[in-house]
Amino acid sequence: MHPGAVTPSNNSGSQTVNQLVPIVIEKSGSGERAYDIFSRLLKDRIVFVGGPVMDEMANLVVAQLLFLANEDPKADIHMYVNSPGGSVSAGLGIVDTMQFIKPDVATYIIGQAASMGSVIATCGAKGKRYALRNARNLMHQPLLSGVMEGQATDLQIEAEEMLRIRERLYSLYAEQTGQSIDKITKDCDRNLWLDEKEMKEYGLIDEVLASMPSSPEV
C-alpha cells in the first residue's frame, strides 16, 4: 500500500479491464433494458472493489456506497474485494465511508485482499466479513513509491507522515481483529500472507464461505 497514487502500470491495467465490462440484458413486461454488469449488481446492493485502489476507483466506490445508503439505510450492502492494494489515502476514503453510512457493509474476499485491499475487507461490519475458500490476504507496512527528492527537512516531514500513516493502519487492524498493536507491528514488518483459515484465526474475517448464502441475497 502506498501513501499516494499507485504506479502507472497498475493504472493502465485497470483501464484495460474497464474496456472489457460486459453488458447484460434484462427483459420485463415493458421491454428490454441493457446494463453494464456493475450497474446491474448495484441494483442488488453489490459493490465490487476490483483492481488497484486508486483515487478514481475509490471515488466510484464511495459514490456507490452513498447512493445505496440513501436508497435504503436499513439494508445491508455487499462489497466484494479482489485487490492488490494501492493508495492509502484512496483506501481510507472507502473505509471512512463504510463506517460513516448507516447500512452494514458486508465484505467478501475473492482472489486476494492485499495491502490496502486487506484493510478495506477487514473493516467490514463485524460478523459480516467473509472470505471464499481460495482467497488470500496480505498484510504489510505502508510502502513509499517513486523516488523522493528535496531538502532534508522535507524528507524528514515525509518520513514522519509515513510513520503516522503506519500507526493509523495498525490501529485499524487492532480495532477490527482484536490483536495487539505490538503483534500487528511485528507481523507487518515483512509481508504476511494468510489463507482463508488463517484469516479467520487472526480476526480479519468472521467466516469462510464455500457457497453463496441463500439469505440474504448477495
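The values are calculated or read from the model by the stated rules, or taken from the named source; none is laboratory data. Keep in mind that this is a model prediction, so the values were computed, not measured. Using ideal geometry, Cβ is built from the backbone for each residue, glycine included, and neighbour counts are taken over all protein chains shown.
Restricting to the range 138-155, what's the tally of residues that are surrounded by 11 or more Cβ atoms within 10 Å (Cβ to Cβ), part of a helix (DSSP H, G or I) and not charged (D, E, K, R)? Of the residues in the range 138-155, 1 are surrounded by 11 or more Cβ atoms within 10 Å (Cβ to Cβ), part of a helix (DSSP H, G or I) and not charged (D, E, K, R). Restricted to the range 114-136, and to residues there that are of a type in the set (Gly, Ala, Ser) and closer than 22 Å to Glu71 by Cα, the residue that is surrounded by the most Cβ atoms within 10 Å (Cβ to Cβ) is Gly124. Filtered by the rule that a residue be part of a helix (DSSP H, G or I), in contact (Cβ under 8 Å) with a residue 12 or more places away in the chain and not aromatic (Phe, Trp, Tyr), the range 169-179 gives Leu169, Leu172, Gln176, Thr177. Checking each residue in the range 114-128 for being in contact (Cβ under 8 Å) with a residue 40 or more places away in the chain and either among the small types (Gly, Ala, Ser) or in a helix (DSSP H, G or I) (or both) picks out Ser115, Met116, Gly117, Ser118, Val119, Ile120, Ala121, Thr122, Gly124, Ala125, Gly127. Hey, any hits in the range 195-213 for a residue that's more than 20 Å from Ala125 (Cα to Cα), surrounded by 11 or more Cβ atoms within 10 Å (Cβ to Cβ) and either touching a Leu at 6+ places or on another chain (Cβ under 8 Å) or at pLDDT 95 or above (or both)? Looking for residues that are more than 20 Å from Ala125 (Cα to Cα), surrounded by 11 or more Cβ atoms within 10 Å (Cβ to Cβ) and either touching a Leu at 6+ places or on another chain (Cβ under 8 Å) or at pLDDT 95 or above (or both), one finds at least one in the range 195-213, hence yes.
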